[in-house]
1. On the given criteria, is residue 102 acidic (Asp, Glu), assigned to a loop (DSSP other than H, G, I, E, B), more than 16 Å from the ligand (Cβ to nearest atom) and in the same structural domain as residue 273 (by the TED database)?
2. Under 6 Å between Cβ atoms, at least 6 apart or on separate chains: pull out the pairs that start in segment 105-126 with a residue that is over 18 Å from residue 93 (Cα atoms) and end on any residue that is within 12 Å of the ligand (Cβ to nearest atom) and polar (S, T, N, Q).
3. Between 27, 17, which is under 23 Å from the mean Cα position of the chain (by Cα) and surrounded by fewer than 16 Cβ atoms within 10 Å (Cβ to Cβ)?
4. If only one of 117, 86 is within 16 Å of the ligand (Cβ to nearest atom) and in the same structural domain as residue 253 (by the TED database), which one is it?
5. Being among the acidic types (Asp, Glu), farther than 30 Å from residue 245 by Cα and either touching a helix residue (DSSP H, G or I) at 6+ places or on another chain (Cβ under 8 Å) or assigned to a loop (DSSP other than H, G, I, E, B) (or both) is the requirement here; does residue 42 meet it?
6. So for segment 30-44 (the condition being surrounded by 11 or more Cβ atoms within 10 Å (Cβ to Cβ) and of a type in the set (Ser, Thr, Tyr)), does at least one residue qualify?
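The values are calculated or read from the model by the stated rules, or taken from the named source; none is laboratory data. Fair warning: this is a prediction, and the values are worked out from it, not measured in the lab. A quick note on method: Cβ atoms are made from the backbone with ideal geometry, for glycine too, and the neighbour counts reach across all protein chains shown.
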Amino acid sequence: MNYNAQLDKALQNLHDEDRYRTFIDIERERGNFPHAVWNKPDGSKQPVTVWCGNDYLGMGQHPVVLDAMKDALDATGAGSGGTRNISGTTVYHKRLEAELADWHQKEAALVFSSAYIANDATLSTLPKLFPGLIIYSDELNHASMIEGIRRNGGAKRVFRHNDVEHLRALLAADDPAAPKLIAFESIYSMDGDFGPIREICDLADEFNALTYIDEVHAVGMYGERGAGVAERDGLLARLDIVNGTLGKAVGVFGGYIAASAKMCDAVRSYAPGFIFTTSIPPTVAAGAAASIAHLKSDTALRARHQTQAQILKLRLKGLGLPIIDHGSHIVPLIVGNPKHTKLMSDMLLETYDIYVQPINYPTVPRGTERLRFTPSPVHGPREMDGLVQGLDELWSHCALNRAELAG
Ligand SMILES: Cc1ncc(COP(=O)(O)O)c(C=O)c1O
């Protein structure tokens, strides 16, 4: 095989479909979020405002987090030096897991390198623990869940997005004695819609199934102590396994599950993605633990976050722009075509100093390509005005040029 020619072909396919990904090289400015510097391909620099970050609450620059990380660095050095089993479990990892278990009101928690790995490792391991397990998976579940379920070799059923009647029919069609698990999300990150947690828990009770919820886009932001939508809705006790990230609203890095002590013990003992990899650096664990401890009581920060999202949605709706609004903090603006989406993103960046990455297939279905805005408590009125003005001008411009672009 001509390997280079094959790589050229694979890359050309992405260009042909207008979904080749270009990474924008930015340097975030601590103390000055959401401002950053864009290192342009020609070597020059341009100040930008980041509107697509998932550091939803600005915790990545919070002094409580930075101080904890600096203290851990000074006290214990850079890396953990091992897997969890072989010298890589430290007081920082244990503290973080205790903080997480308390957050989700579970007996235990397990920290992984990321929420992707936590989903993949846990879901691919569960059939080893429960032979014959059937996993019922929402069709819009994140790639990490799909991958874990796909690799596990067990049976799977995919239910239509948020369709509890479809889920019921699938559960009812299977052997009542078979072990079952329902895997879903509390907030689907691309549309910002909520999963029907209560109804799914009711079905799980009825059909004796376990529940697995991904709260990656909710932890830190919903609930009295920020543990997510399940906490907000008083449903934490009804969920068997909660998955979350430490890299978005928590502002640091890593992922985890929280569950019963027995479930965590079994996953810890059987999941290759937990066992055969170096544990996260103590600095990271310390920063995440400090962030969560802070988030448990900072209800004002959560309120400001929601207010910012509401203001942005109101203003964009006022301009008549086609945004999706399911009442969450995520603000997707549907453009509906990869060329236009890329063009708008490029023009916002170059002309208006606004950075928002285009979101294309396969992250979202074809024809629903979009710009996904993530307003946060660190976006002030000045940043909001700049975005609204830029979008207003560009939307009219793109509408005028649609015919030209289509050609
Ligand atoms: C729903 C969902 N689950 C899991 C992940 C993975 O999280 P992490 O970035 O911690 O790997 C993501 C990442 O964006 C996500 O959107």
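1. no
2. As it stands, the answer is 116/144; 119/144; 119/243; 120/144, since those pairs meet every condition given.
3. 27
4. Only one candidate qualifies: 117.
5. yes
6. Within segment 30-44 (the criterion being surrounded by 11 or more Cβ atoms within 10 Å (Cβ to Cβ) and of a type in the set (Ser, Thr, Tyr)), the answer is no, since none of the residues qualifies.
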